[in-house]
Amino acid sequence: MGCGRVGSTLAKDFQALGHSVSVIDQEREAFRRLGADFNGLTVAGVGFDRDTLIEAGIERADAFAAVSNGDNSNILAARVARETYGVKNVVARIYDPGRAEIYQRLGIPTVATVLWTTDQIMRRILPSGAKSEWQDPSGKVQLAEIHIHRDWFGYPVNAIQELTKARVAFITRLGAGLIPDDHVVLQEGDVLHVLISDKDVAQVVAALSQPPEEKK
């Protein structure tokens, strides 16, 4: 929802990755930003209106990004997508960081920093495996961004280190880096960056993609 600079960029990027994309905007003129090569569906209408969402294919959607220029519209549309149509991967762009934090605590993943918007939305909608960000010269140790199962949220960061072979280097939360101590609790929307041995990557990815399994 939203075909401004962020929305149109997301739509074209997802299409380039082979995904089917629908774009909603109140102004038909906005669809010009998609360019002649865009072959997805465009729907003119209000992004939280059920008829508009159904026309755009919300009942078949795997993900929904609300990136219009209105915080209230984005939150309302994201809630309708998740609560009415059961879309699992939902994210809303919020301009006000304070409001974004509140909504995130209510379970609505949000992106508040404009410069990070496109990158963070794509990482949250397409969470899979480990994305290597750095490797030591020997290739034996790497810093990787890893998606975690939602059941990890609410656990302290040190649970990751107790139950897996990963070591948490830092967390990206609401677009800002955070070096956690043992008392920091994982929140929905957190992006985890861990130090990990190259030989343990598959094992750690498998462990973190499932609900936490307590040690006995």
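The values are calculated or read from the model by the stated rules, or taken from the named source; none is laboratory data. Computed from a prediction, not measured in an experiment: that's the story for all the values here. So basically every Cβ, Gly included, is an ideal-geometry build from the backbone, and we count neighbours across all protein chains shown.
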Do the conditions hold for SER20, that is, is it at negative phi, part of a loop (DSSP other than H, G, I, E, B) and either modelled with pLDDT of 95 or more or touching a strand residue (DSSP E or B) at 6+ places or on another chain (Cβ under 8 Å) (or both)?
yes
Could you check, for the range 144-155, whether at least one of its residues is acidic (Asp, Glu) and modelled with pLDDT under 75?
no
Condition set without any contact (Cβ under 8 Å) to a residue 24 or more places away in the chain and acidic (Asp, Glu), scope the range 52-85, selection nearest to LEU41 (Cα to Cα): answer is GLU55
Looking at the range 178-194, I want the residues that are on the phi > 0 side of the Ramachandran plot and have a partner that is assigned to a loop (DSSP other than H, G, I, E, B) with Cβ atoms under 9 Å, at least 6 apart or on another chain. Which pairs are those?
GLY189/ILE108; GLY189/PRO109; GLY189/PHE153; GLY189/LEU174
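Listed here are the residues, each with its yes/no results for (1) among the basic types (Lys, Arg); (2) outside any helix (DSSP H, G or I); (3) outside the structural domain of GLN104 (by TED's automatic domain parsing); (4) buried (at least 17 other Cβ atoms within 10 Å of the Cβ).
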{"residue": "LYS165", "(1), (2), (3), (4)": "yes, yes, yes, no"}
{"residue": "ILE171", "(1), (2), (3), (4)": "no, yes, yes, yes"}
{"residue": "ASP182", "(1), (2), (3), (4)": "no, yes, yes, no"}
{"residue": "LEU192", "(1), (2), (3), (4)": "no, yes, yes, yes"}
{"residue": "ASP200", "(1), (2), (3), (4)": "no, no, yes, no"}
What number goes with the only condition from (1) part of a loop (DSSP other than H, G, I, E, B); (2) of a type outside the set (Lys, Arg); (3) surrounded by fewer than 16 Cβ atoms within 10 Å (Cβ to Cβ) that SER68 does not pass?
(3)
Sort out which residues of the range 6-28 are within 13 Å of ALA56 (Cβ to Cβ) and of a type in the set (Gly, Ala, Ser), and write them in order of number.
GLY7, ALA11, SER20, SER22
Criterion first (over 30 Å from ALA65 (Cβ atoms) and among the acidic types (Asp, Glu)) does ASP182 satisfy it?
yes
Looking at the structure I just gave you, is ASP49 free of Cβ contacts under 8 Å to residues at least 12 places away in the same chain, surrounded by fewer than 20 Cβ atoms within 10 Å (Cβ to Cβ) and not assigned by TED's automatic domain parsing to the domain that holds ARG150?
yes
